[in-house]
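The values are calculated or read from the model by the stated rules, or taken from the named source; none is laboratory data. None of the values given here were measured: they were computed from a predicted structure. Don't worry about glycine lacking a Cβ; one is built from the backbone with ideal geometry, like all the others, and counts go over all protein chains shown. Just the protein is used for accessible areas: all its heavy atoms, side chains included, with ligands, DNA and RNA removed. Shrake-Rupley method; radii C 1.70, N 1.55, O 1.52, S 1.80 Å.
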Amino acid sequence: MSLNCGIVGLPNVGKSTIFNALTKAGAQMENYPFCTIEPNKGIVEVPDSRLDRLAEIVIPQKIVPAIIEFVDIAGLVKGASQGEGLGNKFLSHIREVDAICHVVRAFEDDNVTHVHGKVNPVDDAAVVNLELIFADLDSADKQYQRAAKNAKNGNKEAQEIASVLEKILDLLKAGKPARLALPDLKDEEKKLAKTFQLITLKPVMYVANIADKDAAKKDTPLIQQIRQMAKEENAELVILCGRFEEEISGLDRNEQLDFLQEIGESESGLDRMIKTAYKLLGLVTFFTAGEVEVRAWTTLEGSTGPKAAAVIHSDFEKGFIRAEVMSYEDLNRAGNQAKVKEEGKLRIEGKEYIVQDGDVIYFRINA
């Protein structure tokens with residue numbers, strides 16, 4: 001699936017450092033604004049211990065993890081919605097991603113220039129958020145005016161569009177993101193809202209980029225500010241040290257785990273960030289497991305068997321016959337597929353089956 005998460009924030013908050021750690025793609029890093037102009041893109045493996053366990057059970061020829069794409073987008077500045085700092089170009093890049101990873105600086109460092117001269121994570125985040133809101137306000141208002149005009153002629157669809165846009169515009173005018181309207185919208189209204197292509201409707205996680213010396217701490221005054229902000233916006237929060245993560249990203253997986261255990265951690269900040277991005281995008285993982293390969297696949301939460309099969313090959317959706325499903329938990333406990341079948345835990349599911357996270361599936365397809 002082609003789903004991605006865009007990394008945004010003010011200049012010099014550590015976006016490219018975190019991107020480099022995520023992807024080892026070597027995005028340019030310099031201590032001045034607009035170093036990143038064209039977005040850097042990188043494919044990242046989704047960490048999943050279940051994949052390793054399945055490989056132990058099946059002993060395949062190869063192991064293939066699920067993947068997710070991250071996009072490093074240039075730093076936004078005040079006035080971006082009016083074209084400041086190449087703002088129009090940067091905003092267009094944000095519109096193209098499916099979720100937003102908003103990096104906020106939570107460290108003091110005289111050697112790293114702050115675009116506003118002082119570190120205040122809430123104010124920093126507000127600059128970016130307000131530019132996104134201003135851009136959405138302009139777009140939503142134009143769409144509303146068009147819908148309202150057609151609604152006067154009795155167009156029912158236009159009336160529904162205008163009604164949803166009114167709720168969103170009330171939030172935008174109050175300086176709040178459009179996504180805060182979603183909990184109060186009906187399912188059909190939510191689907192309609194997605195067609196508006198508004199930036200602030202996208203799901204968001206904040207990444208608090210902390211100093212090396214704070215890496216072992218659970219809290220600092222700056223982190224507390226970001227945590228409260230994320231809570232108020234119903235956004236996810238990941239805390240990590242970009243420099244630290246970049247350093248350990250050069251180690252192999254076992255060395256990383258050994259090092260993390262030494263400092264009392266079970267997983268890296270990047271792993272938490274990747275998993276949170278996966279959650280933001282509404283994704284679940286299912287597995288195929290055979291002698292040739294054990295593989296993790298990504299599908300949208302709520303996908304039926306045929307939709308999930310189409311992730312493997314587009315022709316599989318049309319040719320879907322049935323899915324032979326066992327849960328990872330059953331297979332992990334039993335230790336082999338034959339025992340799961342003996343216990344009667346192998347399920348035969350049809351076209352209406354909703355694939356669950358952790359399903360191990362063999363698809364029967366009419367070729």
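Below are the figures for this structure:
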read-out: Subset of the range 174-192 that is surrounded by fewer than 21 Cβ atoms within 10 Å (Cβ to Cβ) and among the hydrophobic types (A, V, I, L, M, F, W, C) - its residue that is farthest from residue 19 (Cα to Cα); value: 185
read-out: Members of the range 298-311 found to be more than 21 Å from residue 346 (Cα to Cα) and in a helix (DSSP H, G or I), listed by number; value: 310, 311
read-out: Which listed residue is under 30 Å from residue 295 (Cα atoms), modelled with pLDDT under 95 and small (Gly, Ala, Ser), from 55, 99, 74, 106; value: 99
read-out: Checklist (1) open to solvent by 10 Å² or more (accessible area, probe 1.4 Å); (2) farther than 15 Å from residue 201 by Cβ applied to residue 125, failing item; value: (1)
read-out: Pick from the range 252-273, criterion out of contact with any strand residue (DSSP E or B) (no Cβ under 6 Å at 6 or more places or on another chain) and among the hydrophobic types (A, V, I, L, M, F, W, C), ranking: nearest to residue 313 (Cα to Cα); value: 270
read-out: Condition met for residue 185 (more than 26 Å from residue 275 (Cα to Cα) and modelled with pLDDT of 90 or more); value: yes
read-out: Residue count for the range 257-288, restricted to those that are open to solvent by less than 20 Å² (accessible area, probe 1.4 Å) and charged (D, E, K, R); value: 1
read-out: Residue match in the range 157-172 (condition: in contact with a Ser or Thr (Cβ under 8 Å, 6 or more places away or on another chain) and in contact (Cβ under 8 Å) with a residue 24 or more places away in the chain); value: yes
read-out: Complete set of residues in the range 166-197 that are over 23 Å from the mean Cα position of the chain (by Cα) and not in a helix (DSSP H, G or I); value: 174, 175, 186
read-out: Breaking point among (1) crowded, with 20+ Cβ neighbours inside 10 Å; (2) more than 27 Å from residue 108 (Cβ to Cβ), for residue 246; value: (2)
read-out: Residue 333 being open to solvent by 40 Å² or more (accessible area, probe 1.4 Å), part of a strand (DSSP E or B), modelled with pLDDT of 95 or more and among the charged types (D, E, K, R); value: no
read-out: The range 257-278 residues that are modelled with pLDDT under 85, paired with ones that are open to solvent by 20 Å² or more (accessible area, probe 1.4 Å) and not hydroxyl-bearing (Ser, Thr, Tyr) (beta carbon under 7 Å, 6 or more apart); value: 259/251; 260/267; 263/216
read-out: Hits in the range 129-173 - residues which are open to solvent by 70 Å² or more (accessible area, probe 1.4 Å) and charged (D, E, K, R); value: 138, 142, 146, 149, 152, 156, 157, 160, 166, 167, 170, 173
